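Data first, discussion second: the structure below is written as structure tokens.
The values are calculated or read from the model by the stated rules, or taken from the named source; none is laboratory data. Every value quoted in this text rests on a predicted model; they were computed, and no experiment measured them. When we count neighbours, we look across all protein chains shown, and the Cβ atoms used for this are built from the backbone with ideal geometry, even at glycine.
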Amino acid sequence: MKMLMLHASLIKYRITEKALKEPEEAISPEGSFQEALVVFTTVEENDDEGVVKRATEEITRQAREVEAERVVIYPYAHLSSALASPGVSLALIKDLASALQEGGVEVHRVPFGWYKSFEIHVKGTPRER
């Protein structure tokens with residue numbers, strides 16, 4: 001699993017079109033979140049629950065360190081060329097979100113299998129307000 005974590009004062013997304021023949025039913029076609037640790041996430045071949053456990057620990061640690069109020073999991077296939085299948089990817093992303101929620105983290109997921117436009121304002125320092 002590859003992740004790019006950005007501490008953002010704001011992220012907005014909007015679904016533009018299907019990226020997969022059968023994408024996830026859109027959780028919400030658009031969304032906006034403030035004060036979030038945005039986790040651009042790519043699930044790779046051979047990733048499993050052990051990877052989810054380590055990712056959960058790292059995201060939780062990072063969210064606490066930057067004092068992010070919430071985590072936004074943003075599926076982002078562009079971080080690797082060794083992608084897991086769409087079914088495995090979605091299942092592990094859902095498992096990641098559940099594990100974070102069980103740990104007391106407010107989590108939001110951006111829909112999987114869609115092209116999306118997004119705007120993001122990344123903080124310049126960990127505690128920029």
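Of everything listed in (1) farther than 19 Å from P23 by Cα; (2) assigned to a strand (DSSP E or B); (3) in contact with a helix residue (DSSP H, G or I) (Cβ under 9 Å, 6 or more places away or on another chain), the single unmet condition for K53 is (2).
When restricted to residues that are acidic (D, E) and under 14 Å from the mean Cα position of the chain (by Cα), segment 58-68 contains 1. Among the residues of segment 22-31, are any within 20 Å of I11 (Cβ to Cβ), under 15 Å from the mean Cα position of the chain (by Cα), β-branched (V, I, T) and at pLDDT below 95? Checking segment 22-31: at least one residue is within 20 Å of I11 (Cβ to Cβ), under 15 Å from the mean Cα position of the chain (by Cα), β-branched (V, I, T) and at pLDDT below 95. If we scan segment 43-51, do we find a residue that is closer than 23 Å to D95 by Cβ, among the β-branched types (V, I, T) and modelled with pLDDT of 95 or more? There is at least one residue in segment 43-51 that is closer than 23 Å to D95 by Cβ, among the β-branched types (V, I, T) and modelled with pLDDT of 95 or more.
Scanning segment 3-26 for residues that are closer than 30 Å to Q62 by Cα and either buried (at least 17 other Cβ atoms within 10 Å of the Cβ) or out of contact with any strand residue (DSSP E or B) (no Cβ under 7 Å at 6 or more places or on another chain) (or both) yields M3, M5, L6, H7, A8, I11, Y13, I15, P23, E24, E25. Within segment 1-41, being of a type in the set (D, E, K, R), over 15 Å from K116 (Cα atoms) and not in a loop (DSSP other than H, G, I, E, B) holds for K2, E35. With respect to E58, is the statement that it is part of a strand (DSSP E or B), in contact (Cβ under 8 Å) with a residue 12 or more places away in the chain, out of contact with any Ser or Thr (no Cβ under 9 Å at 6 or more places or on another chain) and surrounded by fewer than 15 Cβ atoms within 10 Å (Cβ to Cβ) true? No; evaluated as a whole, the condition is false for this residue.
So for segment 36-59 (the condition being more than 11 Å from M1 (Cβ to Cβ) and in contact with a Lys or Arg (Cβ under 8 Å, 6 or more places away or on another chain)), does at least one residue qualify? Yes: one or more hits.
Answer yes if at least one residue in segment 95-108 is within 17 Å of A19 (Cα to Cα) and in contact (Cβ under 8 Å) with a residue 40 or more places away in the chain, and no otherwise.
Of the residues in segment 95-108, the ones within 17 Å of A19 (Cα to Cα) are none.
Within segment 95-108, not a single residue is within 17 Å of A19 (Cα to Cα) and in contact (Cβ under 8 Å) with a residue 40 or more places away in the chain.
Screening the candidates V38, V43, V71 for the property of being free of Cβ contacts under 8 Å to residues at least 40 places away in the same chain and under 17 Å from L96 (Cβ atoms) yields one hit, V71.
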